[in-house]
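A quick write-up on the structure given underneath.
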Amino acid sequence: MTMRVAVAVSGRGSNLEALLQSLGEDAPARVVLVLSNRPDAGALERARTHGVPTEVLPDPTDAADWLDRLEHHRVDLLVLAGYLKLVPAAVIARYRDRIVNVHPGLLPAFGGRGMYGHRVHDAVLASGARESGATVHLVDEVYDRGAILAQGRVPVLPDDTPDRLAARVLQVEHRLLPAVVLAAAAAGRPVPLPETVESAS
Ligand code: GRF
């Protein structure tokens, strides 16, 4: 049975694009809905290009509205791909262990409230860490705390800027997220990946 996937986005949607491109006609998972808190998110245009229905949340804190939309589209798995708001607790409770998030750092380090986008890469560089990477994890009620499903590592290079590091990490995100969704479709629920995805570039 095809796993029905909803993707929540707030921004440009490169992870959404990577996921859509990796799921061909016969894939065991299909993106059936893209949700955004922002009507101007570039990700919505990408979804439309792929013929995927898009909906904008008028109030992202309204759990009943979320649940109506997810149930209407018979969603099995919710993917947060650059979604920058907190998902309401009642949604997390109803979809427990069926919500995953991609984070541009090696959790549990460099995570938590306020740690998103460039703030993560700034903090990694400021810390002097020798490596960074991406994490896909289950979502629970606390930012970036849920069980880790997959991680991919990249080196931090001596002349790195936040932009350069972000670009290197993003390449890993684009491989990890589809891999986790495909593994979830095969298993019927999100499961940890046995291997990590490395990038040396
Ligand atoms: C990614 O780095 C993701 O890890 C973070 O926000 C960024 C979203 O990028 N949560 P995109 O919208 O998928 O291009």
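Could you please find all residues in region 34-51 being out of contact with any helix residue (DSSP H, G or I) (no Cβ under 7 Å at 6 or more places or on another chain) and of a type outside the set (Gly, Ala, Ser)? Give the steps one after another, and end with the answer.
To start, the set of residues in region 34-51 that are out of contact with any helix residue (DSSP H, G or I) (no Cβ under 7 Å at 6 or more places or on another chain) comprises 37-42, 44-45, 48-49, 51.
Within region 34-51, ASN37, ARG38, PRO39, ASP40, LEU44, GLU45, ARG48, THR49 meet the criteria.
Counting the residues of region 123-143 that are within 13 Å of the ligand (Cβ to nearest atom) and surrounded by fewer than 20 Cβ atoms within 10 Å (Cβ to Cβ) gives 1.
Residues in region 76-93 that are within 17 Å of ALA47 (Cα to Cα) and within 14 Å of the ligand (Cβ to nearest atom): VAL79, LEU80, ALA81, GLY82, TYR83.
Just one of the numbered conditions (1) under 20 Å from ALA184 (Cβ atoms); (2) touching a helix residue (DSSP H, G or I) at 6+ places or on another chain (Cβ under 8 Å); (3) basic (Lys, Arg) is not true of ARG30: (2). Condition (residue is within 16 Å of the ligand (Cβ to nearest atom), in contact (Cβ under 8 Å) with a residue 40 or more places away in the chain and crowded, with 21+ Cβ neighbours inside 10 Å) applied to region 54-70: is it met by at least one residue? For region 54-70, residues within 16 Å of the ligand (Cβ to nearest atom), in contact (Cβ under 8 Å) with a residue 40 or more places away in the chain and crowded, with 21+ Cβ neighbours inside 10 Å: absent.
I'm checking my understanding of the structure. Among residues of region 155-176 that are of a type in the set (A, V, I, L, M) and more than 13 Å from the ligand (Cβ to nearest atom), which one is nearest to GLU131 (Cα to Cα)? Once the filter is applied, the top-ranked residue is VAL156. Of all the criteria given as (1) within 11 Å of the ligand (Cβ to nearest atom); (2) touching a Leu at 6+ places or on another chain (Cβ under 6 Å); (3) of a type in the set (A, V, I, L, M, F, W, C), the one not satisfied by VAL180 is (1). Would you point out which residue out of LEU67, LEU44, LEU78 is under 21 Å from ALA185 (Cβ atoms) and out of contact with any His (no Cβ under 9 Å at 6 or more places or on another chain)? Going through LEU67, LEU44, LEU78 in turn, the sole match is LEU78. Can we say LEU106 is surrounded by 21 or more Cβ atoms within 10 Å (Cβ to Cβ) and either of a type outside the set (S, T, N, Q) or more than 30 Å from ARG4 (Cβ to Cβ) (or both)? Yes; evaluated as a whole, the condition is true for this residue. With respect to ALA90, determine if the residue is part of a loop (DSSP other than H, G, I, E, B), touching a residue at least 12 places away in the same chain (Cβ under 8 Å), among the aliphatic types (A, V, I, L, M) and surrounded by fewer than 21 Cβ atoms within 10 Å (Cβ to Cβ). No: the conditions fail for ALA90.
Quickly run through region 94-112 and pick out the residues that are assigned to a loop (DSSP other than H, G, I, E, B), in contact with a Leu (Cβ under 9 Å, 6 or more places away or on another chain) and more than 11 Å from the ligand (Cβ to nearest atom). The answer is TYR95, ARG96, ASP97, ARG98.
Rule-based calculations on the coordinates, nothing more; no lab input. Owing to the predicted nature of the structure, the values given are computational and were not obtained by experimental measurement. We place every Cβ from the backbone using ideal geometry, glycine too, and count neighbours over all the protein chains shown.
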